[in-house]
Amino acid sequence: MDLVSVVGTILAFVVIIVGTILKGSSLDALWNPAAFVIVFLGTFAALLVQTPGAVLKRAWSMLPWVYRPPDIESENLVSRIVGWSEISRRTGLLGLEPSIERETDPFIRKGLQLLVDGTEPDAMRSVLEVEVLAREHTDIEAAKVYENAGAYSPTMGIIGAVMGLMSVMQNLAEPSKLGHGIAAAFVATIYGIGLANLLALPMASRLKGLARQRSQMREILVEGLVSIAQGDNPRHIESKLQGFLS
């Protein structure tokens, strides 16, 4: 659990609630079903029009990363690569076969299998780097779904506010209702701007950062496996891979 992200999200809602109270408004003023439907469902509808289904599905599966980021243990990976290098120098590349069975990450399993199969270093790098780029592209595109939500929601908030003001204009004959009607109209603006700047855009930046970190971890793996295939010294491999971490 990433406590910083959890605290940030809670603090965002607390700021809005406390600010409303300090301004002399009631918390009831923050709730407006019509504004909620216009902003949240309107933003979601825009995303459905823009985004392919596969990207939406990936974006949804990545959402928990904001609060439970995937393990990115680069130091541990470097140690494991050095261990594989030492095994290959003692027993040959075929000695890595048991390591393949112990791995759960498909990318690591694929890389080790290429190594055991005796794939040429340049060919191995080419195959693995294509997958690294493809995975990073997929994750970045999924993260952009939340970035796009942050672009659409303020506009939907404005649409909600305008629709609310249209309703107010229809009741000019009843001055007692004007104040409440105008206040309710601007709730949609709060929803739109709040959704964008307190949730969607920060989440998009967070997910992009995690996608790049995962890509860097895969690049470390590619470089390490290629070095093993070239027969480099384990200490030389460790020194080279530590450069990624610095």
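In the condition set (1) closer than 27 Å to Val130 by Cβ; (2) in contact with a helix residue (DSSP H, G or I) (Cβ under 8 Å, 6 or more places away or on another chain), Ala196 is compliant with all but (1). Considering Ser79, Ser88, the condition of being open to solvent by 50 Å² or more (accessible area, probe 1.4 Å) and among the polar types (S, T, N, Q) is satisfied by Ser79 alone.
Scanning region 44-53 for residues that are open to solvent by 40 Å² or more (accessible area, probe 1.4 Å) and not in a helix (DSSP H, G or I) returns a single hit, Pro52.
The residues in region 134-150 that are open to solvent by 60 Å² or more (accessible area, probe 1.4 Å) and either in contact (Cβ under 8 Å) with a residue 12 or more places away in the chain or not in a helix (DSSP H, G or I) (or both) can be counted, and the count is 5.
Does Ile87 fit the bill of being in contact (Cβ under 8 Å) with a residue 60 or more places away in the chain and either among the hydrophobic types (A, V, I, L, M, F, W, C) or touching a His at 6+ places or on another chain (Cβ under 9 Å) (or both)?
In short, no.
Here Leu96 clears all of (1) surrounded by 17 or more Cβ atoms within 10 Å (Cβ to Cβ); (2) in contact (Cβ under 8 Å) with a residue 60 or more places away in the chain; (3) closer than 30 Å to Gly231 by Cβ except the condition numbered (2). Restricting attention to region 54-105, the residues being polar (S, T, N, Q) and either more than 27 Å from Val6 (Cβ to Cβ) or not in a helix (DSSP H, G or I) (or both) number 6. Exactly one residue out of Glu174, Glu103 is at pLDDT below 90, farther than 30 Å from Gly53 by Cβ and within 26 Å of the chain's Cα centre (by Cα), and it is Glu103. Scanning region 26-43 for residues that are without any contact (Cβ under 8 Å) to a residue 40 or more places away in the chain and either assigned to a loop (DSSP other than H, G, I, E, B) or aromatic (Phe, Trp, Tyr) (or both) yields a total of 1.
Within the set of pairs 6+ apart or on separate chains, which have a first residue in region 193-208 that is within 19 Å of His137 (Cβ to Cβ), a second that is open to solvent by 60 Å² or more (accessible area, probe 1.4 Å) and of a type outside the set (Gly, Ala, Ser), and C-beta atoms under 7 Å apart? Close Cβ pairs (under 7 Å, with a partner that is open to solvent by 60 Å² or more (accessible area, probe 1.4 Å) and of a type outside the set (Gly, Ala, Ser)) amount to Ala204/Lys144; Ala204/Glu147.
Condition check ((1) touching a Lys or Arg at 6+ places or on another chain (Cβ under 8 Å); (2) modelled with pLDDT of 90 or more; (3) hydroxyl-bearing (Ser, Thr, Tyr); (4) open to solvent by 30 Å² or more (accessible area, probe 1.4 Å)) across all residues:
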residue: Ala196; (1), (2), (3), (4): no, yes, no, no
residue: Leu201; (1), (2), (3), (4): no, yes, no, yes
residue: Leu207; (1), (2), (3), (4): no, yes, no, no
residue: Glu238; (1), (2), (3), (4): no, no, no, yes
residue: Ser246; (1), (2), (3), (4): no, no, yes, yes
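Of the numbered criteria (1) under 22 Å from Ile108 (Cβ atoms); (2) over 30 Å from the mean Cα position of the chain (by Cα); (3) buried (at least 17 other Cβ atoms within 10 Å of the Cβ), the one Arg214 fails is (2).
The values are calculated or read from the model by the stated rules, or taken from the named source; none is laboratory data. Only a predicted model underlies this, so the values are computations on that prediction, with no experimental measurement involved. Heads up, the Cβs are rebuilt from the backbone with ideal geometry, glycines too, and the neighbour counts pull from every protein chain shown. These accessible areas exclude ligands, DNA and RNA; they are computed on the full protein's heavy atoms, side chains included. Shrake-Rupley method; radii C 1.70, N 1.55, O 1.52, S 1.80 Å.
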